[in-house]
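Student: Below are the structure tokens for one structure; questions will follow.
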């Protein structure tokens, strides 16, 4: 799935190679670029009751980056490599939770799946409601109700902006498997949003 990437100046890959040679400023630049999206990805995968675990896992991802700085090779985009580290750590953590008989609480207890989230009545066009705070809340809630593999595929593709081939590399799954997860995720999201808001389509979808 991976192919040789030629790094250019100031790209993530070039910065990581520079960091491997001892350039601390290169690491700071990488961290600044990716800390926000990566932290959101980890938090949304672990759920609302595991914030402290998410923080620890987020830190562990960057420790793995530090530990592998001299062994890093440009075999894929840096962010693909970074999120694959996070994915593997998340899988390990989810197995630990399952072994302890715990589950991921992805929605607040007081907000049941059947709760209706209203949409402001003065919206002129349905596409504009995507930016409405109520719809954003509904979308977030519905995403959190997806099963972990579907939720991860959706977040990587539609929130983090990875291409399907990159999603395959991150989760180490075949293209058809990823396509199936994305297709089921979109179907579940449409059904959930229709129940909550009456909206039947998601605006701005990326091709899966």
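The values are calculated or read from the model by the stated rules, or taken from the named source; none is laboratory data. Source: prediction; values computed, not measured. Neighbour counts run over all protein chains shown; Cβ positions are idealised from the backbone, glycine included.
Student: Here are some conditions: (1) modelled with pLDDT of 75 or more; (2) assigned by TED's automatic domain parsing to the domain that holds residue 16. Residue 136 meets all but one. Which one does it not meet?
Tutor: With (1) modelled with pLDDT of 75 or more; (2) assigned by TED's automatic domain parsing to the domain that holds residue 16 applied to residue 136, the lone miss is (2).
Student: From the list 80, 53, 48, which one is modelled with pLDDT under 75 and under 22 Å from the mean Cα position of the chain (by Cα)? Please lay out each step first, then the result.
Tutor: Values: 80 fails: modelled with pLDDT under 75; 53 fails: modelled with pLDDT under 75.
Every option except 48 fails the conditions.
Student: Among the candidates 181, 157, 151, single out the residue that is at pLDDT 95 or above, surrounded by 17 or more Cβ atoms within 10 Å (Cβ to Cβ) and closer than 20 Å to residue 87 by Cβ.
Tutor: On the way: 157 fails: at pLDDT 95 or above; 151 fails: at pLDDT 95 or above.
Selected residue: 181, the only one of 181, 157, 151 that is at pLDDT 95 or above, surrounded by 17 or more Cβ atoms within 10 Å (Cβ to Cβ) and closer than 20 Å to residue 87 by Cβ.
Student: Next question. Limited to segment 50-80, what total is found for residues that are assigned to a loop (DSSP other than H, G, I, E, B), surrounded by 15 or more Cβ atoms within 10 Å (Cβ to Cβ) and free of Cβ contacts under 8 Å to residues at least 60 places away in the same chain? Walk me through how you get there before you give the answer.
Tutor: Filtering segment 50-80 down to residues assigned to a loop (DSSP other than H, G, I, E, B) leaves 50, 68-77.
In the following step, the residues that additionally are surrounded by 15 or more Cβ atoms within 10 Å (Cβ to Cβ) were identified as 50, 69, 72, 74, 76-77.
Those still in the list that are free of Cβ contacts under 8 Å to residues at least 60 places away in the same chain too: 50, 69, 72.
The qualifying residues number 3.
Student: Within segment 58-69, is even one residue out of contact with any strand residue (DSSP E or B) (no Cβ under 8 Å at 6 or more places or on another chain) and at pLDDT below 95? Quick ask: steps written out before the conclusion?
Tutor: Filtering segment 58-69 down to residues out of contact with any strand residue (DSSP E or B) (no Cβ under 8 Å at 6 or more places or on another chain) leaves 58-69.
Applying the additional criterion that residues be at pLDDT below 95 yields none.
Within segment 58-69 (the criterion being out of contact with any strand residue (DSSP E or B) (no Cβ under 8 Å at 6 or more places or on another chain) and at pLDDT below 95), the answer is no, since none of the residues qualifies.
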